[in-house]
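Data first, discussion second: the structure below is written as structure tokens.
The values are calculated or read from the model by the stated rules, or taken from the named source; none is laboratory data. Here the structure is a predicted model, which is why all the values come from computation and not from measurement. Using ideal geometry, Cβ is built from the backbone for each residue, glycine included, and neighbour counts are taken over all protein chains shown.
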Amino acid sequence: MLLEFRCSNHKSIKEKVNFSMIAGSDTTSEELLKEFGNFRVLRTAVIYGANGSGKSNFISALSFMRDLVSNSINHQPGQGIFQARHKLSAREDPSEYSIQFVRNNIRYAYGFSVKQNLIQEEYLYYFPKGRQVKIFERNGAEIRPGDRYKGALDVSVSVLKDNRLFLSCAANYSNVKEIEEAFMFFNTDLVVYNPEINNWTEYSIELMQNNDMVKKVFVNILRALGTGAKDVKVKLEKVKLADLPQELKLPDALKNLLGTQEGNRIEAKVVYDQFEIDLMTEESSGVRRLFQMICPIIDILNNGKILICDELEASLHESVIFQIVQLFQHYQKDKFAQLIFSTHDTSLLDADLFRRDQVWFTQLNGERATDLYSLAEIRNVRKSENLEKGYVSGKYGAIPMLNKKFFHELEEGILE
């Protein structure tokens, strides 16, 4: 589970912003929270804000941290780390990222800073029996291991470079269980979905083909949403690229070049009462998006991962998003999954769906830098308040303020 995330100097985020999945003092919907030690942890959170206010940049910061942990072991000498600094920050200002999370019932705290495209500082702690224990601290190329880990990290130090995270090095070149657990949180537990980049269709087909339960749940969801679908037929198989169908008319030179290389051939049909529809070429964008999203969500719920989505409403009806949120809120299996997403869909701003500490806002300040704050931080918000009305009216900030003079001038220009 994700407990909190902080970052600074990342794209539109200049000063440090703090995001937390730890519940506040509000006792609303207490049964939906997960207890961990002294913490009560939220299952879902939603982020609102105007276009360009930093919602996507906040998710980008989380994604950047995850990707750098997973991949920096592969960085070559002289390959700098892309540092997405705020436009008003100086070149020597560091970008900082820190996170607290739980894996296998142990809390971890991890963070690093990037300065002039290289790693400046880094640390990893964990909390067995609630007490903080140092696994390692880093300053430049100097690694200071905790007392329990002296000698265990020597090989990892030997492959460390100023463009690699030590967590990435130590996960690959040591047998320290705590380091492996921390690395696996980023590599497998933290799932970031961007509809403009990710396409989970093939992943969904593979899940359905290998797990009848996943297929059954997906078909039940299609029926519950009133799509009229009765069943789905899926097939994924390995094929030699040179043996692709003759109608593609591949030149002999290209066939020889492809040789024995393999790829995946996928087939997916949605079955209705009197006919079948090819998913890829005939089905609606909404059903195709459901096909992409629902199966991975089932996998995320069953394996206790954290799903982070930018603009979840893209190609999905608001009622579908409502049901997805409810699914995460009420899923009471042994695994604890979380959903964090940004959206413009104000119909989801419902006190019956979200507690005040689950609703977050982004807005730009005078420096065109992102401020991030939760509804729980705003005074005089009643539990029974119409949140959608309050947000649209500008009570909570974080929405574009319409310039009436601009629209008046625009209207006059059109009429001339």
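Listing for the model above:
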quantity	calculated
Hits in the range 111-134 - residues which are touching a helix residue (DSSP H, G or I) at 6+ places or on another chain (Cβ under 9 Å) and either exposed (fewer than 13 other Cβ atoms within 10 Å of the Cβ) or not in a strand (DSSP E or B) (or both)	P128
Looking only at the range 135-150, and only at residues there that are basic (K, R) and assigned to a strand (DSSP E or B), the one that is surrounded by the fewest Cβ atoms within 10 Å (Cβ to Cβ)	R144
Condition check for S63: more than 15 Å from the chain's Cα centre (by Cα) and surrounded by fewer than 21 Cβ atoms within 10 Å (Cβ to Cβ)	no
Selection count where residues are under 22 Å from A337 (Cβ atoms) and of a type in the set (K, R), scope the range 90-119	2
Check on R91, free of Cβ contacts under 8 Å to residues at least 24 places away in the same chain, on the phi < 0 side of the Ramachandran plot and either acidic (D, E) or exposed (fewer than 15 other Cβ atoms within 10 Å of the Cβ) (or both)	no
Filtered residues of the range 284-317 (kept if over 26 Å from N57 (Cα atoms) and outside any helix (DSSP H, G or I))	S284
Residues of the range 357-405 that turn out to be within 23 Å of G54 (Cβ to Cβ), part of a helix (DSSP H, G or I) and either at pLDDT below 80 or not small (G, A, S) (or both), as a count	8
Qualifying residue in the range 304-317 (condition: within 32 Å of the chain's Cα centre (by Cα), modelled with pLDDT under 80 and among the aliphatic types (A, V, I, L, M))	yes
Meets criteria (hydrophobic (A, V, I, L, M, F, W, C), part of a loop (DSSP other than H, G, I, E, B) and either more than 14 Å from D231 (Cα to Cα) or more than 21 Å from the chain's Cα centre (by Cα) (or both)) for L327	no
Unmet criterion (only one of (1) modelled with pLDDT under 95; (2) within 18 Å of F64 (Cβ to Cβ)) for L190	(1)
Subset of the range 352-385 (residues that are in contact (Cβ under 8 Å) with a residue 12 or more places away in the chain and more than 25 Å from K14 (Cβ to Cβ))	L353, F354, R355, R356, Q358, V381, K383, S384, E385
